[in-house]
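Let me begin by presenting the structure, written as C-alpha cells, before commenting on it.
The values are calculated or read from the model by the stated rules, or taken from the named source; none is laboratory data. From a predicted model like this one, the values you see are computed outputs, not experimental measurements. Note that we place each Cβ from the backbone using ideal geometry, even for glycine, and neighbour counts take in every protein chain shown.
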Ligand SMILES: [Zn+2]
C-alpha cells in the first residue's frame, strides 16, 4: 500500500512544542488546508477543514496519533469564515466537543447564518456587479449556474454558534504563551492573523499562503448612500485596498516564520509579504492599462468593459465573479491613489475615467 503524505506535522516551531500542523483534504484545486492544534489548556484548534468524510477521517487520524479525541477540543479559533476553515466546527460539537468558538466580529454573522446560498452571495454580488456594468442576462445565467451547483454539491459546512467576537489587539491565551490577534481585512472583512511574538510566529490563514495569493471580496455594507461620498454610492467593503493596507501594515515587523492555511510553511516572511504586494501591484497596472484601452473612445469605461479588455478569451459564465472582484478592487485602489475618476453613467452604471 502506498504511504500517504503525513497528516500531522508535530511541533513545526521548536519554541512552541505543543503546536502541531494537521493537513486536511479539500475538494478544490487549491489542495489541502492546513489547520493547527495547540495541545492543552485549553485544547485549541485553529481552523477546522471542510465538513466532508475524508476531512473528518484525516482530522481523527491526526488526533489519534496524538492520543486525543475530537470530543476533547475546548476552543476553536477561526482565521476567517470560509468553509475550509469553519467547516467542521459544528461536526466537532456533534461529536461531543463542548467548545467555545472565537471569530472576528466582522466574520461572525457569516458563521452563525451560514448557508451555501448565502456563502455564494448571489444576490448581493449581483447588485454590485450590476452597478459595475455586468449585463443582466449574464447575471441571470450565472445565478442559475451557481444555484444548480449548490443543489448538486453536498454541504461543506454547517452554521454554528459563535461564543467570542474578536477584535484586533485581543489575545488568545494558553497556559504558557499567548497569540495576539491582528485584524487583516481583505480576503474577508473579518480575517485575522495570530501572532506569537517570542518565537516570531505568524499564523496567516489565507492572508498569506505558500503557493498562491488570495482573492479579495467586495460587497455593499448598507443600502443607503454613504454620507461622505460625493457620488452618493452605498458604503462598500473594498477588499483589495483593505488587503494591500493589511499587508503594508505587516512590513518591517520581525516575523521569523509564517504558518499559513495552504502551501507548507513560509520561512521568509518579509519576502512573502513583498511578493503578495507585488502580485497585486502588477495586476493593478494591467487593470490601469486595460482601462486606458477600454476608455479610448469615450474617455471612461465600466468595470465590465475593463474585464472584457483584460480577459477576451475567458468564459464569463464561470470566470466573471472572482476576476470582476479583482477588477473592481483594482479600480478602487486606482481611485484611492488619485489615478482614476469615477462618475455615474447612463442606466446607473459606474464609469471610470483614467486621470493622466
Ligand atoms: Zn479563504
Cβ pairs under 6 Å, 6+ apart, first in region 204-222 and within 12 Å of the ligand (Cβ to nearest atom), second at pLDDT below 90: 215/322
The lone exception for residue 306 - which of (1) part of a helix (DSSP H, G or I); (2) surrounded by fewer than 20 Cβ atoms within 10 Å (Cβ to Cβ); (3) touching a strand residue (DSSP E or B) at 6+ places or on another chain (Cβ under 9 Å); (4) without any contact (Cβ under 8 Å) to a residue 60 or more places away in the chain it fails: (2)
In region 211-226, the residues that are buried (at least 17 other Cβ atoms within 10 Å of the Cβ) and in a loop (DSSP other than H, G, I, E, B): 213, 214, 215, 216, 217
Condition check for residue 253: modelled with pLDDT of 95 or more, away from the ligand (no atom under 15 Å from the Cβ) and out of contact with any strand residue (DSSP E or B) (no Cβ under 8 Å at 6 or more places or on another chain): no
Members of region 227-248 found to be surrounded by 14 or more Cβ atoms within 10 Å (Cβ to Cβ) and either outside any helix (DSSP H, G or I) or more than 16 Å from the ligand (Cβ to nearest atom) (or both), listed by number: 233, 234, 235, 236, 237, 238, 241, 244, 245
Those residues of region 57-69 which are within 26 Å of the chain's Cα centre (by Cα) and either within 16 Å of the ligand (Cβ to nearest atom) or buried (at least 20 other Cβ atoms within 10 Å of the Cβ) (or both), in sequence order: 58, 59, 62
Selected residue [surrounded by 22 or more Cβ atoms within 10 Å (Cβ to Cβ), within 16 Å of the ligand (Cβ to nearest atom) and assigned to a helix (DSSP H, G or I)] from 84, 119, 106: 84
Failed condition for residue 166, given (1) in contact with a strand residue (DSSP E or B) (Cβ under 9 Å, 6 or more places away or on another chain); (2) closer than 30 Å to residue 291 by Cβ: (2)
Hits in region 322-344 - residues which are within 28 Å of residue 120 (Cα to Cα) and more than 26 Å from the chain's Cα centre (by Cα): 342, 344
Every residue from region 20-43 that is crowded, with 19+ Cβ neighbours inside 10 Å and within 19 Å of residue 206 (Cβ to Cβ): 21, 22, 23, 24, 26, 32, 33, 34, 35, 36, 37
Residues satisfying the stated conditions in region 263-277, i.e. touching a residue at least 40 places away in the same chain (Cβ under 8 Å), part of a loop (DSSP other than H, G, I, E, B) and out of contact with any strand residue (DSSP E or B) (no Cβ under 7 Å at 6 or more places or on another chain): 263, 264
Members of region 178-193 that are within 15 Å of the ligand (Cβ to nearest atom) and farther than 23 Å from residue 29 by Cα: 184, 185, 189, 190, 192, 193
Some residue of region 279-298 being part of a strand (DSSP E or B) and surrounded by 21 or more Cβ atoms within 10 Å (Cβ to Cβ): no
Matching residues in region 87-99 - criterion: being in a helix (DSSP H, G or I) and within 16 Å of the ligand (Cβ to nearest atom): 89
From 33, 23, 50, residue being farther than 19 Å from residue 257 by Cβ, touching a residue at least 24 places away in the same chain (Cβ under 8 Å) and in contact with a strand residue (DSSP E or B) (Cβ under 9 Å, 6 or more places away or on another chain): 50
Those strands (runs of 3 or more DSSP E) lying entirely in region 2-79 with at least 2 residues under 23 Å from residue 107 (Cα atoms) and modelled with pLDDT of 95 or more: 33-38, 44-46, 75-77
Number of the exception - residue 157 against (1) at pLDDT 95 or above; (2) more than 21 Å from residue 252 (Cβ to Cβ); (3) surrounded by 22 or more Cβ atoms within 10 Å (Cβ to Cβ): (1)
Filter result for residue 167 (in contact (Cβ under 8 Å) with a residue 60 or more places away in the chain, under 24 Å from the mean Cα position of the chain (by Cα) and closer than 19 Å to residue 237 by Cβ): yes
